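The values are calculated or read from the model by the stated rules, or taken from the named source; none is laboratory data. Nothing here was measured: the structure is a model prediction, and the numbers come from that model. All Cβ positions, glycine included, derive from the backbone under ideal geometry; neighbour counts span all protein chains shown.
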Amino acid sequence: MALVLIVDDSPTDVHVMQTALEQGGYRTASAADGSEAIRKARELHPDLILMDIVMPGLNGFQATRELAADPATRSIPVIMVSSKSQESDRVWGLRQGAVDYLVKPVTSDQLLRKAQAAIAG
């Protein structure tokens, strides 16, 4: 069973994504900011990371860039999941190393489809 690390400072958003993923057959873990995400990614080596952008401390762009540069975590796909809906945000997220970009709110179907595609490679 694949493990998905959900990185978001909103407990509500974490709960919504966790519920959808767990009902879809995934195991989940969560982190509330970029620094915790990097630590948990190195510790748990999840199959996928769902990364918010706007968080206190290390933001999602910075955390994704750091994960992509680290040989221990660079193979973990990252999907940015953010309320930032500008095309420039999407492009910047992909340039930092993300494999996909979703704009909140995301539906359960959309989340499961994107997670499956990212994990399958």
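For residues that are acidic (Asp, Glu) and within 12 Å of the chain's Cα centre (by Cα), tally how many sit in region 79-120.
Result for region 79-120: 1.
Go through region 21-34 and count every residue that is assigned to a helix (DSSP H, G or I), crowded, with 16+ Cβ neighbours inside 10 Å and more than 13 Å from the chain's Cα centre (by Cα).
First, pick out the residues of region 21-34 that are assigned to a helix (DSSP H, G or I): 21-23, 34.
Narrowing the set further to residues that are crowded, with 16+ Cβ neighbours inside 10 Å leaves 21, 34.
Remaining after also requiring more than 13 Å from the chain's Cα centre (by Cα): none.
Selection size over region 21-34: 0.
From the list Met51, Met55, Met80, Met17, pick out the single residue that is crowded, with 19+ Cβ neighbours inside 10 Å, in contact (Cβ under 8 Å) with a residue 24 or more places away in the chain, on the phi < 0 side of the Ramachandran plot and touching a Phe, Trp or Tyr at 6+ places or on another chain (Cβ under 7 Å).
One residue alone meets the criteria, Met80.
Return a yes/no flag: does region 5-15 have any residue that is at pLDDT 95 or above, assigned to a loop (DSSP other than H, G, I, E, B) and in contact with a helix residue (DSSP H, G or I) (Cβ under 6 Å, 6 or more places away or on another chain).
Step one: of region 5-15, the residues at pLDDT 95 or above are 5-15.
Checking which are assigned to a loop (DSSP other than H, G, I, E, B) leaves us with 8-10.
Checking the rest, the ones that are also in contact with a helix residue (DSSP H, G or I) (Cβ under 6 Å, 6 or more places away or on another chain) come to 8.
So far as region 5-15 goes, yes, one or more of its residues are at pLDDT 95 or above, assigned to a loop (DSSP other than H, G, I, E, B) and in contact with a helix residue (DSSP H, G or I) (Cβ under 6 Å, 6 or more places away or on another chain).
Given Glu87, Glu66, which one is farther than 17 Å from Lys114 by Cα, of a type in the set (Asp, Glu) and surrounded by 13 or more Cβ atoms within 10 Å (Cβ to Cβ)?
Step by step, each of Glu87, Glu66 is checked, and only Glu66 is farther than 17 Å from Lys114 by Cα, of a type in the set (Asp, Glu) and surrounded by 13 or more Cβ atoms within 10 Å (Cβ to Cβ).
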